[in-house]
Structures are given as C-alpha cells and as structure tokens.
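In what follows, a structure is listed as structure tokens, so that the remarks can point back to it.
Read-outs: derived from the displayed coordinates by stated rules, not from any lab. Please read these numbers as outputs of a predicted model, since none were measured by experiment. No Cβ is skipped: glycine too gets one built from the backbone with ideal geometry, and neighbour counts run over all protein chains shown.
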Amino acid sequence: MFSFSDVLVIGPFSLPVFAAAVIITGLVAFFAGIYFLKGEKEKKKIFTEVFFSPVLPLFLGWKLSILLTDFQDVISNPKLLLYSSGSMINILIGVILASGWLSYKWIKLQTDSRINKAIILSLSIIALFFLVSNISFLPEENSSETQEKISSLELYGNDGKTKLIPDLSSGKVTVINFWASWCPPCRAEMPVLQRMYDNGYFKDINFYAVNAAYSEKHKNDGTGWLEKNNFSIPVLYDYSGRAAADCGIKSLPTTIVIDKNGNVVSIKTGSVSKTWLKVSINKAQQ
C-alpha cells in the first residue's frame, strides 16, 4: 500500500506518489467539468482554457523561484533547476502565481454561470483532495509518536573495512545522503553538499554521503567519480544494499534528516537544495 511519502520508480524515472495523486486528481477534476458541460462545445473550450491556464505559471514560479532561494548553487550548476524541487517556499511561490493567473483569466474571459459552475466543481474536487490528503498524511509526518527510528546502519569505508555509523541517538542531528555516480540528480546535488560542507554547515552534525555501491557498474565507480571531480565530503559505502533497504530507499538520490533522538524528521527523494537542507536541519535541532 502506497503512502504519499513514497516514490514510484519506473526504470530510470521516479515520481513522488503525492505528485502522481495531484496529477490524477487534476485530470478527474477536468473531466468532471467537461462532463458537466456536455453538449456545449464553445463553453468546453473556454472552460479548458481557464482550467489549464495556471499550469505554466505554477511550474515557472516553482522552478524559477529556486534562483531566488538558492541563487549561488543554481548559477554554479544550472542542472539543479531541472533536478531539484527546492523547498516548500518554492512550491508556495508557484501556487501563489498560479492562483493569481487563474483569477485573472477567469475574470478576463467573463465566463457565464454554466462555465462558472463547471470551474467551481473542478476546484472543489481539487480542494477536497488536499483536505483529505492533509488529514491522512500530514499528521503522520509531524507526529512524534509515529516518527520512524533508524538505530544503526552497517556501512563500509573506502578501505573495505566494516564501519558502523555512530549512535544516531547520541544528541547530534544526522544527515544521510544516498547517491550513485551514474545518477544525474545525484551528480547535480553533489556540489551543493560539498559547498555546505566546506562552509561549515555540517560542523555541528553528523553528515554521511553514502554511495550506493551495490548499484554501481563497478564497486569503485563512486570513489573514482569523487576523485575526478575533487569532492572531499565524508563518504561511506553500501555494497550490499542492506543499509538502503533498512532506510527504505527506493530511488536515488534520497536524503534523510534525523533528529538528536534518532527520529527521522525529513526525507527527500531527488536533488536537495541548500534551503531545504537548512530548514530540515533546523527542524531536527528543535
């Protein structure tokens, strides 16, 4: 059974279950409006124009706002705009722009009562989805009683010797990033992690970049890629895939933030941004 925090993996592609649910709900809402206007061709055309008008502003506002919140990282590595979803701030900016544009188009087209009712029906379906998803998903994410704990993970150093991650309930926040050298989003986010490491963002926490060596073509590919690109962040290796399985990793990259008591407080699949990491670390330190 899926939860909204899961990720659907289809070959090399991944899609958060929540995003897939939003898309499906949007399509259901659209066809509900079309059905309401059955037999009224011109009104369907106007309804379609209004309904899909916020899609582009939503996408552009969401993606381009990452330039505002993570300017230095995006300028140094433009691929982050493609692979990173940013943080909740970026999504909210996209939603605000989309809502404003929808209102503008709705007023400009001077739609009649039938089209207005179709639009309200569609928006009600979408609103109902978010209401239900908030009830079923958000409390589980925020409740300390249901937070998952990761006690320890068996990983390896570059020398091949078994190394056990220190006690995750030792009083320090821990960030674990699973990555692989063949993974484009992993490569896109690595300069962000290196810059944060160099600038001291991780000095008071435990930070581990875990190479998913079990997924590499050759077990030393991760090490070779790091050396070739002059990355020096602390790296451990998961040769068997056991650590990834213990953490519930279904797609790469995945970053897990654990609080001082060993509770998992944030999980993100896909390239992370500095803004998301800083917010998650601050949340874990509270």
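Okay, here's what the table says:
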{"quantity": "Alpha carbon centroid spacing (whole Å) that separates segment 59-91 from segment 13-54", "calculated": "27 Å"}
{"quantity": "Listed residues I267, I107, I233, most fluctuating in the chain (Gaussian network, C-alpha, under 10 Å)", "calculated": "I107"}
{"quantity": "Gaussian network model of the chain, springs between alpha carbon atoms under 10 Å - residue of G171, G262, G33 with greatest fluctuation", "calculated": "G171"}
{"quantity": "FRET efficiency, 1/(1 + (r/R0)^6) with R0 22 Å, evaluated for D112 and Y35 via beta carbons", "calculated": "0.80"}
{"quantity": "Anisotropy class of segment 196-286 from Cα gyration tensor, a/c 1.5 cut", "calculated": "oblate"}
{"quantity": "Selected from I120, I249, I91 as most flexible by GNM, with the chain as the system and alpha-carbon contacts under 10 Å", "calculated": "I120"}
{"quantity": "For P(r) over Cα pairs in 10 Å bins from 0, in percent, calculated from these coordinates, the label among (i) 5, 19, 24, 22, 14, 8, 4, 2, 1, 0; (ii) 6, 24, 30, 20, 12, 6, 1, 0; (iii) 5, 20, 20, 20, 19, 13, 3, 0", "calculated": "(ii)"}
{"quantity": "K228 versus V28: modelled label distance in nm, points set 7 Å from Cα along the beta carbon direction", "calculated": "4.6 nm"}
{"quantity": "Lysine pair number, Cα distance threshold 17 Å (strictly under), segment 7-142, separation 8 or more or different chains", "calculated": "14"}
{"quantity": "Rounded, prolate or oblate (a/c below 1.5 giving rounded, otherwise prolate when a/b exceeds b/c) for segment 7-142 by Cα gyration tensor", "calculated": "prolate"}
